[in-house]
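Q: Here's a structure for you.
The values are calculated or read from the model by the stated rules, or taken from the named source; none is laboratory data. Quick caveat: nothing in here was measured; it's all calculated off a predicted structure. Here Cβ is always computed from backbone atoms with ideal geometry, including for glycine, and neighbour counts include all displayed protein chains. Accessible surface is based on the protein model in full, side chains and every heavy atom, while ligands, DNA and RNA are left aside. Shrake-Rupley method; radii C 1.70, N 1.55, O 1.52, S 1.80 Å.
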Amino acid sequence: MILVAGGAGYIGSHAVIELYNKGYDVLIADNFSNSSPSVLDKLELITGKRFDHITVDLCDLEELKKRTKEYKLSGVIHFAAYKSVGESVSNPLKYYANNLQSLVNSLKLCKERDIRNFVFSSSCTVYGNPNQIPVTEKSKIGKAESPYGKSKVISEEIIQDYHHTHPISICNLRYFNPIGAHESGLIGDYPDGKPNNLLPFVTQVAAGVRDTLSVFGDDYDTHDGTCLRDYIHVVDLAKAHVNAIEYNVKNEGKHSIFNLGTGKGVSVLDLIKTFEKVNNVPINYEIVSRRPGDVEAIFADCHKAKTDLNWIAELNLSKMLTSAWKFQQNILK
Ligand code: UFG
């Protein structure tokens, strides 16, 4: 059985489905601090299976140990973390305390229960403002701009240090920009309050929940002046976690790092125009000044994931944008 820490969250819930599709038993651990228990019902609607779950704060080690005791665990996928860049700037201690303690506790659980298969959610944010794109796993770790970003850099260091003395199998997955939703339209990215990320804002403007999208800067050195990102469908991303679990089994004791993206740089305006076209909905937007801390352009070199994990992103930008719009429309029903 695989423990999915943060399994009710945006990426975690999609990973639960893909694990289930490949025949894995799953135990979801979540405290619903940034998700809803209704996700468990949605997962049941999608798969026909009521997943085992425990409501637990990963920062509470004793409770985590107690509540997982009865389950035979062979792997842990650690998603449980806060992820709002802006909030991390205004409340850094909340981010360091939660994101680091929950990771340490997941590793302590592995140690105590002799679980030797660990997958970690990292982010391309660790590359900071890269000197060269696409970035490979060997590219230099940059200066993270936010406490959120720094919490990912420190998490990677914690994992590396732990691995020196406890060489279990570990995949450290660096996500580029996950967007989109499950094809059912039942689960997706559901930000609490005003969205920080681009696509949830776009879908809310499309739905009339918000008036205008602010595009942060059109004077970057890119083909249309807006920032380039490597947007990846959350379902593709979720599938990579199953590959990582399998890779860990075959590569006992190895610590590996993988970029997960499509390898394509898409600008903010490319994304808006494609959204309007594939969904046939206009997006009201205005160009405003740059957002402090934004990286001009980043996208992934994903060759390592292809060769070693046997994984590539299959779903294109249109699929990302139609699925996100379907999910947004379902929220309003
Ligand atoms: N953007 C806008 N208007 C908005 C929101 C975003 O123009 O209202 C632009 C940004 O300036 C950027 C692009 O859209 O150029 C993407 O921005 P996001 O906020 O969606 O994502 P980031 O690339 O800033 O990445 C952040 C974190 C990552 C994290 C990712 C997904 O830095 O670590 O969000 O949560 F992985």
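Q: Name, by its number, the condition in (1) open to solvent by 40 Å² or more (accessible area, probe 1.4 Å); (2) over 23 Å from P134 (Cα atoms) that does not hold for A324.
A: (1)
Q: Same structure again: Name every residue in segment 275-296 that is within 16 Å of the ligand (Cβ to nearest atom) and either in contact with a Pro (Cβ under 8 Å, 6 or more places away or on another chain) or among the basic types (K, R) (or both), in order of residue number.
A: E276, R290, R291, V295, listed by residue number.
Q: OK, next. Output the residues belonging to segment 1-45 that are touching a Ser or Thr at 6+ places or on another chain (Cβ under 8 Å), over 22 Å from I232 (Cα atoms) and open to solvent by less than 10 Å² (accessible area, probe 1.4 Å).
A: Scanning segment 1-45 gives I2, L3, L27, A29.
Q: Identify, from the list K239, K306, K264, K273, the residue that is charged (D, E, K, R), in a helix (DSSP H, G or I) and in contact (Cβ under 8 Å) with a residue 12 or more places away in the chain.
A: Selected residue: K239, the only one of K239, K306, K264, K273 that is charged (D, E, K, R), in a helix (DSSP H, G or I) and in contact (Cβ under 8 Å) with a residue 12 or more places away in the chain.
Q: Within segment 228-270, count every residue that is in contact with a Leu (Cβ under 8 Å, 6 or more places away or on another chain), crowded, with 22+ Cβ neighbours inside 10 Å and not charged (D, E, K, R).
A: 14
Q: Next question, about the same structure. I'd like the full set of residues that are part of a loop (DSSP other than H, G, I, E, B), within 12 Å of the ligand (Cβ to nearest atom) and surrounded by 15 or more Cβ atoms within 10 Å (Cβ to Cβ), limited to segment 151-208.
A: F176, D189, P191, P195, N197
Q: Which ones in segment 104-136 are away from the ligand (no atom under 16 Å from the Cβ) and assigned to a helix (DSSP H, G or I)?
A: V104, N105, S106, L107, K108, L109, C110, K111, E112, R113
Q: I'd like to verify a number: residues in segment 1-50 that are without any contact (Cβ under 8 Å) to a residue 60 or more places away in the chain, of a type outside the set (S, T, N, Q) and over 22 Å from G180 (Cβ atoms), how many?
A: Of the residues in segment 1-50, 9 are without any contact (Cβ under 8 Å) to a residue 60 or more places away in the chain, of a type outside the set (S, T, N, Q) and over 22 Å from G180 (Cβ atoms).
Q: Tell me, yes or no, whether segment 215-235 has at least one residue that is within 30 Å of L45 (Cα to Cα), under 15 Å from the mean Cα position of the chain (by Cα) and assigned to a helix (DSSP H, G or I).
A: Yes, that holds for at least one residue.
Q: Here's another thing I want to ask about it. Filter segment 282-293 down to the residues that are in a loop (DSSP other than H, G, I, E, B) and crowded, with 16+ Cβ neighbours inside 10 Å and list them by number.
A: If the condition is that a residue be in a loop (DSSP other than H, G, I, E, B) and crowded, with 16+ Cβ neighbours inside 10 Å, then I283 is the only one that fits.
Q: When you look at K143, is it assigned to a loop (DSSP other than H, G, I, E, B), open to solvent by 10 Å² or more (accessible area, probe 1.4 Å) and at pLDDT below 95, yes or no?
A: Yes.
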